[in-house]
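Derivation of every value follows stated rules applied to the coordinates shown; laboratory data play no part. Note that the structure is a prediction, hence the values are computed from the model and not measured. Here Cβ is always computed from backbone atoms with ideal geometry, including for glycine, and neighbour counts include all displayed protein chains.
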Amino acid sequence: MPMPSCVSSVVNCFLGHMLCDSYFEKEKEIEYFKMLKGNKVDGIILGSRNMDISEAIKDNLPLVTIDRILGDNIPCISSDNYKGGMLATEHLIKKGCKKIALISGSPSLHLMANQRSIAYVDTCKKNGIEPIVVSTNEDQFTAMTYYNEIHTLFKSHPDIDGIFASSDIIAAQVIQVAAEAGLKIPDDIKVVGYDDTSIARLTTPQLTTIHQPIEQISKYALELIINEIKGEIVPMRTVLPIKLVERGSA
């Protein structure tokens, strides 16, 4: 279940709520903040990727963020992105991969998910493997299209035998492009994704991936915002565990 939908369903079980989707547009996000404050909401759970909104949230309104740090005094909850990146890379190495690439999100966004890339690089270097990092951008995230970068990766590194994709969507497209190129998964290339969304069970073969506790993150974010509204002291940083789910792609 996507994070916004999961948060919405959890909140709906407890209290009235308003769900705002800015679709990665900074101006729309600021507009939503003004609208929410105008409606005198008690608190906000923020899961947006836009970073340049600090001026819009400078007040005492209770706020909890998911997977991004806005300030030392704003509670943030995430899963263990560094360990997830480490487990994914280690799994490919244990499966015999010698040349492993990472296809990641945009490094320009200062999200906690960037720890996956850092862990990949650290783990590769620790095992004597040269890191190959393919960074994507926000336009690709919005369109959910990564085919050009994957094709380029295969052409630039025809001997690649392992790919760590920073999302299941990217991993699914890797499997599709590999099939079009006549490459077999996992015989020729092993693939590990991230998130363990429903798409991980729809690919052929099914996707080995890192499971994020999305529903648990959503419930805990709700618990934090309620406690903040009550005036209670809440932890500023909360990191929940992840796990590797092994299926057929690696």
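Which of the trypsin sites (Lys or Arg not before Pro) across region 213-250 are loop residues per DSSP, with 15 or fewer other Cβ within 10 Å? Intermediate results must be reported in sequence, preceding the final value.
On the way: sites: Lys219, Lys230, Arg237, Lys243, Arg247; in loops: Lys230, Arg247.
Answer by residue number: Lys230.
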Charge tally in the Cβ shell below 10 Å around Val234, where Lys, Arg are +1 and Asp, Glu are -1, Val234 excluded: -2
Proximal charge balance of Gly96 [Cβ under 13 Å; K/R count +1, D/E count -1]: +1
Sites Ser198 and Val133, calculated FRET efficiency, Cβ-Cβ separation with R0 25 Å, nearest 0.05: 0.35
Residues with amide H under 5 Å from that of Leu46, placed H, sequence gap 5 or more: Val64, Thr65, Ile66
Simple label model, 7 Å out from Cα along Cβ direction - Val121 to Leu240, nm: 2.8
Two-site FRET efficiency, Lys95 against Leu70, from Cβ-Cβ distance with R₀ of 25 Å, rounded to 0.05: 0.05
For region 175-199 and region 84-100, distance of Cα centres in Å: 14
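Any idea what % of Cα-Cα pairs in region 76-125 are farther than 14 Å? The partial results should precede the final answer.
Values: 605 of 1225 pairs.
Within region 76-125, distances greater than 14 Å cover 49 percent of Cα pairs.
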Nonlocal amide H pairs with Val133, under 5 Å, H built at 1.01 Å: Leu102
Local net charge near Lys243, Cβ-Cβ under 15 Å (Lys/Arg +1, Asp/Glu -1): -4
Radius of gyration and maximum dimension Dmax of region 81-211, Cα, Å: 13.2, 37
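If you keep only loop residues by DSSP, which trypsin sites (Lys or Arg not before Pro) in region 154-194 have at most 11 other Cβ atoms within 10 Å of their Cβ?
Details: sites: Lys155, Lys184, Lys190; in loops: Lys184.
Answer in residue order: Lys184.
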Given Lys125/Lys243; Lys99/Lys219; Lys125/Lys155; Lys99/Lys243, the pairs whose alpha carbons are separated by over 32 Å: Lys99/Lys219
